[in-house]
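Working notes, beginning with the structure itself.
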Amino acid sequence: MGGSDLTMRGRHGDAFSTYKRNVLRDYVNFNKDGASEHLLNGVGKDLGNPSWRRSLPHVLVAALSSLLFGYHLGVVNETLESISLDLGFNGNALAEGLVVSTCLGGAFVGSLFSGWIADGVGRRRAFQLCALPMIIGALMSAATNDLWGMLLGRLFVGTGMGLGPPVAALYVAEVSPTSVRGTFGSFTQIATCLGLMGSLFIGIPAKEVANWWRVCFVVSVIPAVALALLMQFCAESPHWLFKRGRAAEAETEFEKILGGVYVKSAMAELSKADRGDEVDTVKLSELLYGRYFRMIFIGSVLFALQQLSGINAVFYFSSSVFKSAGIPSDIANICVGISNLSGSVIAMILMDKLGRKVLLLGSFIGMAVSLGIQVAAASSFVSGSVSSYMSAAGMLLVVLAFSLGAGPVPGLLLSEIFPSRIRAKAMAFCMAVHWVINFFVGLLFLQLLEQLGPKVLYTIFATFCLIGAAFVKRNVVETKGKSLQEIEIALLPQE
């Protein structure tokens, strides 16, 4: 692969720069003819926007990786009790914790390498590589008779979970027409919700039916196989092909996802943003200091604040809060799922209307207010039954507010603001930050709750939400309605 890559590179070098000159010449002529005043991801104003119908199937297949992600996140929720009984570690809190957190460890590793994989073999192959460990891991977990087999299976699944979301965010941003990029970007969040709810529904019989948890793992193989097979028929990202010097193939893919009329303008847009440094490899040092640092900093802080808002702690802890309000756990899970899904659908509708920044701001402020309700519920001046209902309502509002902005926006926004040259690796780096913080929040939440009590802990989470709102107000740029190339030219400091 390495050798052929180098010869390809050499062969394409001159041809590619000539190609870019020609494309730019066409682009100038194209403008002179008055065919297009303003180009957006291959959108001439006079041509109107490309039909979203062409790119939709490709985006839906990519969203399968998010569906799997959500499913595996929730699959041990209902089944952990019967797994621990069958595999003989019932009552061992450490072992139970490991079944949940081994997945997160694997996800961290997967996300860390996702950028290099997505840049090395392309977005389509990266999806297929993400499906593979999920198939192997799920079957290992389903067939195991001891704790170690389960942990190894969870580790495999975790690597696929880590690889999927950053590649999905990249791919969706790169194949969606500008006019619907926000809406399509929300599909991944909705797919995650559906996966999570699916795993909770499928897990319901686990307490009654012997070995049902094995079925829960086997079921997840179906979407994973579908992802691997269907990706074979999907378009490769034209941005990636262009970056590799495969411009003719990029044109073919643009035709597939936008339609023939838009190909010339889309290629001209790509050439405009391309500074001729695309084929170089990106070093980690470039991400940590240098001209890309500010973007990486914004991305990492956004993902860190998303986790420090306490959302995962809320998810992990929802059942016991509802139990104290006298609501059984299966109904509680359904309520949380519906709240999450409805917020994500509203976000999808508003993403290209209100814009990313407004949703993020509203989301962080809404979460702070909802956490405030929970702090009030934990105070002594509220009576017992009122307190538990307030707490449950506060929790559903936190989930709703989160899914309106803080959930779906960071992944979409980052895949938009990172320049094409570093997009995959920068996403990988920010997702790795997300997994580290997710891991520690999950690990420390129950201990902190015991030591500090809910009032102090929810106040800390609410404070992080307010910091998040202030951070977004100061640092986040609006990307609604702008092509990836326009965003790149506007944001990158000139060398």
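Values as computed for the structure displayed
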quantity: Environment charge of Leu87, counting only residues whose C-beta is closer than 15 Å and scoring Lys/Arg +1, Asp/Glu -1; calculated: -2
quantity: Inter-probe distance in nm under a simple model that places probes 7 Å from Cα toward Cβ, at Ala143 and Lys283; calculated: 4.5 nm
quantity: Residue-averaged 222 nm ellipticity for the chain, from DSSP H runs of 4+ at -39500 (n - 2.57), nearest 500; calculated: -26500 deg cm²/dmol
quantity: Residue among Leu412, Gln306, Ser344 farthest towards the positive dipole end of the stretch 282-494, charges placed on Cβ; calculated: Leu412
quantity: Shape category assigned to the stretch 282-494 from the gyration tensor of Cα positions, a/c cut at 1.5; calculated: prolate
quantity: Dipole of the chain, positive end: most advanced residue of Ile202, Met150, Leu446 [Cβ charges, Cα centre]; calculated: Leu446
quantity: Long-range amide H partners of Ser51 with built H, under 5 Å; calculated: none
quantity: Net charge contributed by nearby residues that have their C-beta within less than 14 Å of Ile365 (K/R +1, D/E -1); calculated: +2
quantity: The chain, accessible area per residue, ligands and nucleic acids excluded (1.4 Å, Å²); calculated: 40 Å²
quantity: Mean separation of Cα contacts under 8 Å (6+ apart) over length of the chain, as relative contact order %; calculated: 22 percent
quantity: Charge dipole (the stretch 282-494, unit charges on Cβ, about Cα centre) - positive-most of Ala378, Val398, Ala490; calculated: Ala490
quantity: Measure of compaction for the chain (Cα Rg per 2.2 N^0.38 Å); calculated: 1.00
quantity: Lysines whose Cα lies under 24 Å from that of Lys323, excluding same-chain neighbours fewer than 8 positions away; calculated: Lys207, Lys455
quantity: Carbon and sulfur %, accessible surface of the stretch 282-494 computed with the full protein complex present, 1.4 Å; calculated: 72 percent
quantity: Assigned charges on the beta-carbon of Lys, Arg, Asp, Glu; the chain dipole about Cα centre (debye); calculated: 840 debye
quantity: Members of Lys357/Lys482; Lys264/Lys353; Lys256/Lys353; Lys243/Lys357; Lys256/Lys480 lying beyond 21 Å, as alpha-carbon distances in this model show; calculated: Lys264/Lys353; Lys256/Lys353; Lys243/Lys357; Lys256/Lys480
quantity: Test item: Cα-centred dipole of the stretch 53-234, Lys/Arg +1 and Asp/Glu -1 on Cβ, debye; calculated: 740 debye
quantity: Ser379/Glu208 FRET efficiency (R0 45 Å; Cβ-Cβ; nearest 0.05); calculated: 0.70
quantity: Length-normalised contact order for the stretch 53-234 - Cα pairs under 8 Å, 6+ apart - percent; calculated: 41 percent
quantity: Neighbour net charge for Thr178 - beta-carbon separation under 11 angstrom, K R +1, D E -1; calculated: -1
quantity: Distant-in-sequence amide H partners of Asp352 (H built 1.01 Å from N, under 5 Å); calculated: Thr183
quantity: Gap separating the Cα centres of the stretch 423-495 and the stretch 149-195, nearest whole Å; calculated: 17 Å
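The values are calculated or read from the model by the stated rules, or taken from the named source; none is laboratory data. Note that the coordinates shown come from a computational prediction; the quantities given were computed from them, not determined experimentally. Because the Cβ atoms are built from the backbone with ideal geometry, glycine has one as well, and the counts that use them run over all protein chains shown. With ligands, DNA and RNA removed, areas are computed over all heavy atoms of the protein, side chains included. Shrake-Rupley method; radii C 1.70, N 1.55, O 1.52, S 1.80 Å.
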